[in-house]
1. Between Gln343 and Val94, what is the FRET efficiency for a Förster distance of 56 Å, r being their Cβ-Cβ separation, to the nearest 0.05?
2. Looking at the chain as a GNM with Cα springs under 10 Å, which of Pro114, Pro210, Pro178 has the largest mean-square fluctuation?
3. Using a basic spin-label model with each label point 7 Å from the Cα along Cα→Cβ, how many nm lie between Arg55 and Ala207?
4. Using just the helices of the chain, give the 222 nm mean residue ellipticity in deg cm²/dmol: DSSP H runs with n ≥ 4 each add -39,500 (n - 2.57), and the total is spread over all residues, rounded to 500.
5. So what is Rg over Rh here for the range 207-333, counting just Cα atoms and using Kirkwood for Rh?
6. Taking the Cα centroid of the range 289-361 and of the range 6-83, what is the distance between the two, rounded to the nearest whole Å?
7. Using only Cα atoms, tell me the angle between helix 114-124 and the longest principal axis of the chain; keep it within 0 to 90° and round to the nearest 10.
8. Which value in nm describes the separation of the simple spin-label points at Gln70 and Glu352, placed 7 Å from the Cα toward the beta carbon?
Amino acid sequence: MKLESLFPDKAFPKDQIPIIAGPCSIESRDQIRTTMRRLRESGYRVVRSGVWKPRTEPGHFEGVGEIGLQWMREAADDYGMLIGTEVCLPYQAVLALRYRCDFVWIGARTSTAPFLVDEIGKTLEGEDIAVLVKNPISPDFDLWRGAIRRLQQHGMTRLAAINRGFALGSKGLLRNIPLWYEVDRFRRELTDIPFLCDPSHISGDAALLPEVIDEACRHRYEGLFIESHYEPTTALTDAKQQITPEEIDTILPHSPLNGAAMLHRLRDAIDDIDDELISLLYQRSALTQEVGGWKESHRMELYQPTRRDEMIRDLRRRAELTGLSSDLVEELYTTIHHYSLAQQQDNKKQHEDSRDEDRPH
Ligand code: PEP
Ligand code: MN
């Protein structure tokens, strides 16, 4: 199914990937109005913005609430635009309907909660509204599918999914990891659902948007869900990843250079990890040499097969738990262990030789 079929005719710019854009959060009447006017002037008609922001930690800006919907509705009527917001609770869905939102989206922190999705679905039942479902924060595709299916059970037919990346605790360049290939497999399973890509929450940084968008285009996403603010540096939420309405067009062309730049950045990140691995291996080797010295002074055998087997078993299990290949880990550690032992034996031999030299002839 095409994303276009979820929205009325002419909702999306022609000859271009469909785009839904707007500020992360509505902050003031002037902010949403100016941003929407400039989006309209740049050729975009479908606007996203949050009025309820489920923040990870308390004490941060959590959105202006209902009044924001009123401001967005006014501007939408004035500029002829379609609007949508995130709903996290059923009463928010009621308000989204009251302000005639054309769509709502279920955020990454809500698509993890089956009862909430159910309640929101119940509230929207029988209403003419599109619903977009973001992936859950963690890569649980069953939960994502479950959320979509629950909405279908409540009669929602104008449904789409959004890949906003997954929080994998990585210290890489991207804020959330898009898992392109895993999501592609999931898309092949849900052929009735159009998929959008949210490059803003994947990249977390406006500078990385072109590369992420390039990749989304290569993976043939049916649309983009982009955060755009009239003055990104002043944004109360997600300032670093937002761009102005005028900038959207400039980052859309996907030149081969962007792909190459992404490859470069990815390789740089891999080089950093390898650096860290080398340093860790060095630290490990210093410790195993110390252990060798201890065994020597306690007249223990350097090779301890039980310890080796336990270690490999434990590492295989840890690899399984993280999704790494346990065979790879066993192979790596067999090599590492082999070299540690060789080094301990070398050290022992050197100690013995130097003791021999010290002995009076
Ligand atoms: C958003 O789109 O502004 C948002 C909060 O997204 P997510 O649920 O993906 O974090
Ligand atoms: Mn945001």
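Since every read-out is calculated from the coordinates, none of them should be taken as a lab result. Computed from a predicted structure; not experimentally measured. Neighbour counts are summed over all protein chains in view; Cβ atoms, including those assigned to glycine, are modelled from backbone coordinates with ideal geometry.
1. For R0 = 56 Å, the calculated efficiency reads 0.25.
2. Pro114
3. 2.6 nm
4. -17000 deg cm²/dmol
5. 1.24
6. Between the Cα centre of the range 289-361 and that of the range 6-83, the gap is 61 Å.
7. Taking the Cα atoms of the chain, the angle to 114-124 is about 10 degrees.
8. 8.9 nm
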